[in-house]
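Structure first, commentary second.
Read-outs: derived from the displayed coordinates by stated rules, not from any lab. These numbers come from a predicted model, not from an experiment. Cβ placement follows ideal geometry from the backbone for every residue including glycine, while neighbour counts extend to all protein chains displayed.
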Amino acid sequence: MKRPTVRFGATAQLGLIACCAAAAGVHSDVVQAGGRRDPYAIPSKYGGATRTQRAKACSGGLMDDNIQQVVDYFRPTKLVEADGKGVRIMCVLVVLGMDTAEERARAAAETWLSQCDGALIVSDTVNSEIPTVLYSQTAAFDSIHVQPDSQPIVMAEWKKLHDDFLSEFDYFLMAHGTNYVIVDHLREYLNSEEISSYTNRGAPLYLGRRMAVGGNPNLVYNQYSATYILNQRALEHMAINFDLRHCRPVYPQGAAAGSKGLADVLVSRCLRRSKPPVHAFETKDKEGRERFHLYEPETHVRREATLHEGSKMKSWYDMYSINLKFGYDCCSPKSISFGIQDVKMMRDLDNALHCARDA
């Protein structure tokens, strides 16, 4: 499929990229850096050291011993470089409506994002050196809240991926600005016999951190804060249903169109009600440990069952989680994603994860 025409180093208008975005008055442009052979790869200068180089030089003293012990548990045991023979992964980082959008985009580009085969950063600010899908608000719809998980934005992103990149990549990962992805583990998982057996026979896959709305087993979705992934076939299913009622944004009573909330649930509903239905795939390892996570590694490993403050009710996380485990049983050593609130911590985690075990 031919790439959309863009002007490097400038804003190139692509027009409205989804019905739901148009309805909300959301427009998108693509901003590219100049002169690269592949305009949808992060410039090499943002990639820092290669995985191999970084694995040979351990940066000590970044974390205290307790945190380092946790990080060691998740450190990749082998490097899975993109070699053109394995799966092709497009990674989309959404930093809309974030005060630290450029800082987070740069941190991601300099750590994990550059390890994907293709990458786009979705933002409402411009950095012409990094491939960016730029969203702007129109005067006709001033009430829209541009948020990373606003429903029109998320559905527009998926439509863009379908229209422009479907044939170029095997898997499409959607990440929040706070996410850190261990791409070595991601490639290993997507290349595994378990996953490739589904993709090779043309089955749709919707991968991520499975959670149940209010604990309802009939309303299972993949939580956006932990990243989630569609393969080519699943993205085709979603595209067929974009204009149908069950894929259209809905809002709580009294909420403004485009307001924050439940975009990940909408994606799940859109796929679940497609024909044939596509359900959130079980991504736990053989020991029942999760691969996709909402918080920092230490938070997951150290946490215990929690209640709402001043209440006997479970916290939303405990209530929505499916067969939640604690301690190191919570998480697969081959975990793929985490939520990292602090940009410095993201860089430190990246260095610590990829330093040599025997350093």
Gain in length, LYS286 to LYS78, computed as 0.36 nm per residue apart minus the alpha-carbon separation, to one decimal in nm? 72.9 nm
Cα-projected label distance for ARG273 with SER196, points at 7 Å along beta-carbon direction, nm: 3.7 nm
Most exposed to least, judged by fewest other Cβ atoms within 10 Å, TRP112, TRP316 sort to TRP316, TRP112
Determine the alpha carbon to alpha carbon distance for each of LYS314/LYS344; LYS78/LYS284; LYS286/LYS314; LYS160/LYS275; LYS286/LYS325 and list only those over 25 Å. LYS314/LYS344; LYS286/LYS314
Spin-label point model (7 Å from Cα, Cβ direction): what's the ASP163 to LYS325 distance in nm? 4.3 nm
Among 326-332, 197-203, 263-269, the order from most to least packed when residues are scored by Cβ within 10 Å on average: 263-269, 326-332, 197-203
If packing is taken as the mean number of other Cβ atoms within 10 Å per residue, what is the order of 214-220, 185-191, highest first? 185-191, 214-220
